[in-house]
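The values are calculated or read from the model by the stated rules, or taken from the named source; none is laboratory data. Not measured: the values here are computed from a predicted model. Cβ atoms come from the backbone with ideal geometry, glycine included; neighbour counts cover every protein chain shown. These accessible areas exclude ligands, DNA and RNA; they are computed on the full protein's heavy atoms, side chains included. Shrake-Rupley method; radii C 1.70, N 1.55, O 1.52, S 1.80 Å.
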Amino acid sequence: MSGEDRDLTRGKPRVLIAGGGIGGLSAALALLQRGFEVDVYEQAAKLEEVGAGVQLSPNGTRALHVLGVLDALETLSCTAEGKEVRHWNTGDTWKLFDLGVEAIERYGFPYLTVWRPDLLETLAAAVRREKPNAIHLGSRCVGFTRAGERVSLLLDDGRQVSGDVLVGADGVHSQIRRALFGAEEPRFSGMIAWRGVIPIGSLPRHMARIVGTNWVGPGGHVVHYPLHRGELMNFVGIAERGDWRIESWSTRGSTEECREDFAEWHDDVHQLIRHAPSLYKWALMVREPMERWTIGRVTLLGDACHPTLPMLAQGAVMAIEDGFILARCFERWPDDVATALDRYERARSERTRAIVLGSADNARRFHNPALADPVGAKEYLDREWSRAAITSRYEWLFTYDVVGAEI
Ligand SMILES: Cc1cc2nc3c(=O)[nH]c(=O)nc-3n(C[C@H](O)[C@H](O)[C@H](O)COP(=O)(O)OP(=O)(O)OC[C@H]3O[C@@H](n4cnc5c(N)ncnc54)[C@H](O)[C@@H]3O)c2cc1C
C-alpha cells in the first residue's frame, strides 16, 4: 500500500473479517476499494475451495462486475446456452430460459456457471491487488472480546487481533455467530445433497452440452451444469432420506449408495453418477431466518447468518450481495459504525428472509408427488414452469442491483 493509499484509511474503522470464503472475500474487496483497512482471517492453510460448482445468477454477476472481477471470471467459467427442466423418469424436456444472450438483454448481466476454485481465486487475486497481505491463512477464529469501541478477534493459536468492527463470514458453522447468539439447533430437512464434478469429455456426447439441466421427480431432483470453460460438469442430486445428518463439503459416499437414491431415474442421470470420479454427500439442514445478526460492533454475513437450502441457487450470491451492501453502508457512514451496521442489516433482512423461505418452497415444487405419473407431470410442469410462473419466481431475484438498492 502506498503512503497516499494509507492516508485514505485514516479515521475509518479497521474491519476484521473472520472467514475468507466467497462472502468474506467479496466484503473485503468492496471495503478495500473504498479505502478501508481490512484483514481477513481464514482457517485454511491454503486458499482452496471445494471442487464444486456454483450458479451465479445476473444479480450476482452484476455485483461481481461492479467489484471489477467479472471479466476475469468469465474467461474461466461458462455462460450456459440455456436451462432446461426434465422429467425424472421419461426424460421429457421443457426449455426454461436462455441463459446467454437473453439473460444479458433482460438483466444486463449473464447467468454464469462457475467452478468454486475459479471464483475464489479470482476474488483473492483482486483482494491482494488492493492489499497484498490482507488474507491471513491458517488463522482459525474461535471467538472475540469487546472493550469499549474496540473488538478483538481470538484465534485458536492464542493470537488476538484488534479492530473497530468484526464481520463473521465464517460460513454455516460460524464461530462468530455462536459467540454472539449461542449454539443453535438446526432441523434436518429430510434431504441430502450428492455432489460430484465430472470431466465433460467422459460423458456420452449427447450429455456433453453447455446447458444447465434440472431434473425434477417425486422425492428428489438433480441439477447438472458445465464449469471451467466447459471442461467439467457439475452434478448435484438431492434425495429425500432420513439417515444422514452431517453438513460437510468433504464427506464421501459411494457410487452404489448414490445410484440407489436415484434408482428408477432416467439413464442420463445414471451416466452422471457412473462417471463421477468421487461423490460427496451433505445433509441439508433448515434454520429459521434470524431476526437480527448484529450486536454492537460485530455482525455476520452470508451463510453465517442466513444459510439456505440450495433450491434457488442464491446462497453464494446472497453472500456477495451482503459484502457489497456492507461496504456501501460503511462508505455512507464511515464515522458511525452503529448506523452503518444497522443500515446494512435492515437493507438485507427482508430479501435474505424471502430467499431462505422461497428456497424451502422450491424444494416442495421440485419434489412434488404430481411428478410420479407422466400425465400428471406434464400438466404440473406446464403450469409450474410456464413463462409467467418462472418470471414471478425469479425476476425479483435477478433484478436486484447492489449499487442502486436502498440502504
Ligand atoms: C449442494 C450445494 C449447492 C449450492 N449451489 C449454489 C448455487 O448454485 N448458487 C449459489 O449462489 N449458492 C449455492 N450454494 C450455497 C453456497 O455454497 C453458500 O451459500 C456459500 O458458499 C456461502 O458463502 P460464505 O462465504 O458465507 O460461506 P463459505 O463459502 O462456507 O465460506 C466460509 C469460509 O470461512 C472459513 N471458516 C469457517 N470457519 C472458520 C473459522 N472458525 N475461522 C476462520 N475461517 C473459518 C471457511 O474455511 C470458508 O473459507 C450451494 C450449497 C450447497 C450445499
Given the structure, is ALA347 away from the ligand (no atom under 13 Å from the Cβ), in contact with a helix residue (DSSP H, G or I) (Cβ under 7 Å, 6 or more places away or on another chain) and open to solvent by 10 Å² or more (accessible area, probe 1.4 Å)? yes
Those residues of the stretch 326-385 which are outside any helix (DSSP H, G or I) and under 30 Å from ASP164 (Cα atoms) amount to TRP333, PRO334, ASP335, ASP336
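One line per residue, one yes/no per condition, for (1) within 14 Å of the ligand (Cβ to nearest atom); (2) under 29 Å from LEU112 (Cβ atoms); (3) touching a His at 6+ places or on another chain (Cβ under 8 Å):
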residue: LEU227; (1), (2), (3): yes, yes, no
residue: ASN234; (1), (2), (3): yes, yes, yes
residue: ALA239; (1), (2), (3): yes, yes, no
residue: ARG245; (1), (2), (3): no, no, no
residue: TRP249; (1), (2), (3): yes, yes, no
residue: GLU256; (1), (2), (3): no, no, no
Can you find, within the stretch 124-161, the residue that is least open to solvent (accessible area, probe 1.4 Å) among those that are touching a Phe, Trp or Tyr at 6+ places or on another chain (Cβ under 8 Å) and small (Gly, Ala, Ser)? SER139
One residue is enough: does the stretch 113-123 have a residue meeting the conditions within 15 Å of the ligand (Cβ to nearest atom), open to solvent by 30 Å² or more (accessible area, probe 1.4 Å) and over 26 Å from ARG351 (Cβ atoms)? yes
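Quick check on GLY302: is it of a type in the set (Gly, Ala, Ser) and open to solvent by 10 Å² or more (accessible area, probe 1.4 Å)? Explain how you work it out, then say what you get.
Numbers: of a type in the set (Gly, Ala, Ser): yes; open to solvent by 10 Å² or more (accessible area, probe 1.4 Å): no.
No; evaluated as a whole, the condition is false for this residue.
Does VAL337 satisfy the condition of being more than 9 Å from the ligand (Cβ to nearest atom), closer than 28 Å to ASN59 by Cβ and open to solvent by less than 30 Å² (accessible area, probe 1.4 Å)? Spell out the reasoning first.
Details: more than 9 Å from the ligand (Cβ to nearest atom): yes; closer than 28 Å to ASN59 by Cβ: yes; open to solvent by less than 30 Å² (accessible area, probe 1.4 Å): yes.
So VAL337 fits the description; yes.
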Meets criteria (within 18 Å of the chain's Cα centre (by Cα) and not acidic (Asp, Glu)) for HIS65: yes
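For the condition under 25 Å from ASP170 (Cβ atoms) and away from the ligand (no atom under 11 Å from the Cβ), what is the one hit in THR145, THR90? Spell out the reasoning first.
Working: THR90 fails: under 25 Å from ASP170 (Cβ atoms).
Among THR145, THR90, only THR145 is under 25 Å from ASP170 (Cβ atoms) and away from the ligand (no atom under 11 Å from the Cβ).
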Here's a check for you: in the stretch 59-76, which residue that is within 20 Å of LEU326 (Cβ to Cβ) and surrounded by fewer than 19 Cβ atoms within 10 Å (Cβ to Cβ) is farthest from the ligand (Cβ to nearest atom)? GLY68
For the structure I just gave you, tell me whether ALA316 is under 17 Å from LEU341 (Cβ atoms), within 9 Å of the ligand (Cβ to nearest atom) and at pLDDT 95 or above. no
Candidate set from the stretch 262-286 (those that are at pLDDT below 95 and among the charged types (D, E, K, R)); member that is surrounded by the fewest Cβ atoms within 10 Å (Cβ to Cβ): GLU264
Per the filter on the stretch 162-202, residues farther than 28 Å from LEU357 by Cβ and either surrounded by fewer than 19 Cβ atoms within 10 Å (Cβ to Cβ) or without any contact (Cβ under 8 Å) to a residue 60 or more places away in the chain (or both) are SER162, ASP164, PRO199, ILE200, GLY201, SER202
So which residues in the stretch 38-58 are surrounded by fewer than 24 Cβ atoms within 10 Å (Cβ to Cβ), more than 9 Å from the ligand (Cβ to nearest atom) and either at pLDDT 95 or above or under 13 Å from the mean Cα position of the chain (by Cα) (or both)? ASP39
